[in-house]
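For reference, the structure is listed below as C-alpha cells.
The values are calculated or read from the model by the stated rules, or taken from the named source; none is laboratory data. Everything numeric in this text was worked out from a predicted model, so none of it was measured. Cβ placement follows ideal geometry from the backbone for every residue including glycine, while neighbour counts extend to all protein chains displayed.
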C-alpha cells in the first residue's frame with residue numbers, strides 16, 4: 001500500500017475524500033461501517049474501501065443514532081439523534097473499546113531472522129505505537145496491533 005501511495009494522505013482511503021473527511025462523527029459511525037474492525041490482506045483488499053481513513057475507537061453503543069435516519073452510516077447529515085436535554089450526551093454516546101486492525105500478507109517461504117514492518121501514523125498527539133512480533137501460521141504472517149489515542153473519550157488502560 002505505502003509503495004504506491006507516497007503522499008500518504010487520507011483522501012485515498014475509505015471516507016477520507018474531500019466530500020466526507022470533514023464531517024463530524026466518523027468515530028461513532030466506524031463500528032457500523034466496520035463491525036469486525038479492519039482486516040486488510042495485502043494484494044487482495046482494496047485500500048479505497050477496506051482501509052478507513054481514521055483510526056478511531058470502536059463505539060459499543062448506538063445511543064447517538066437518529067431512529068429516522070435512512071442510512072446513518074453513510075448519509076451526510078441527519079444521522080445523529082438530537083439530545084433531549086442540554087446535558088452532555090457523551091455520558092451515553094461515549095462508550096467504546098479498543099480498535100484492532102489486522103494486516104495479512106503471504107510470504108513465499110518461512111524465513112529466519114528479524115522482520116521489520118514500517119508504518120506511518122498521523123494523529124493529534126505524539127502517541128507511540130506498541131511493538132509486536134508477527135504471529136506465524138505456516139507461511140502466512142499476520143500483524144495485529146491495537147492503537148490508542150490519549151485524546152479519545154474511549155480511553156482504557158493499556159493492554
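Going by the conditions given, is residue 82 at pLDDT 55 or above, within 23 Å of residue 39 (Cα to Cα) and in a loop (DSSP other than H, G, I, E, B)? Spelling it out, it is not the case that residue 82 is at pLDDT 55 or above, within 23 Å of residue 39 (Cα to Cα) and in a loop (DSSP other than H, G, I, E, B).
Would you check if residue 53 is at pLDDT below 95 and touching a helix residue (DSSP H, G or I) at 6+ places or on another chain (Cβ under 8 Å)? Break it down into steps so the answer makes sense when it comes.
Values: at pLDDT below 95: yes; touching a helix residue (DSSP H, G or I) at 6+ places or on another chain (Cβ under 8 Å): yes.
Answer is yes for this residue.
Taking the stated definitions as given, is residue 33 under 25 Å from residue 104 (Cα atoms) and modelled with pLDDT under 90? No, not satisfied.
Could you grab me the full set of residues in region 26-53 that are exposed (fewer than 13 other Cβ atoms within 10 Å of the Cβ), in contact (Cβ under 8 Å) with a residue 12 or more places away in the chain and part of a loop (DSSP other than H, G, I, E, B)? Give the steps one after another, and end with the answer.
We begin by selecting, within region 26-53, every residue exposed (fewer than 13 other Cβ atoms within 10 Å of the Cβ); these are 35-36, 42-44, 46, 48-49.
Those still in the list that are in contact (Cβ under 8 Å) with a residue 12 or more places away in the chain too: 42-43, 48-49.
Result: 42, 43.
Has region 100-121 got at least one residue that is modelled with pLDDT of 75 or more and closer than 25 Å to residue 22 by Cα? Yes, the conditions are met somewhere in region 100-121.
Checking each residue in region 65-76 for being touching a residue at least 40 places away in the same chain (Cβ under 8 Å) and surrounded by fewer than 13 Cβ atoms within 10 Å (Cβ to Cβ) picks out only 76.
Of everything in region 88-115, what is in a strand (DSSP E or B) and surrounded by 13 or more Cβ atoms within 10 Å (Cβ to Cβ)? Give them in sequence order.
We begin by selecting, within region 88-115, every residue in a strand (DSSP E or B); these are 96-97, 99-106.
Scanning region 88-115 gives 96, 97, 99, 100, 101, 102, 103, 104, 105.
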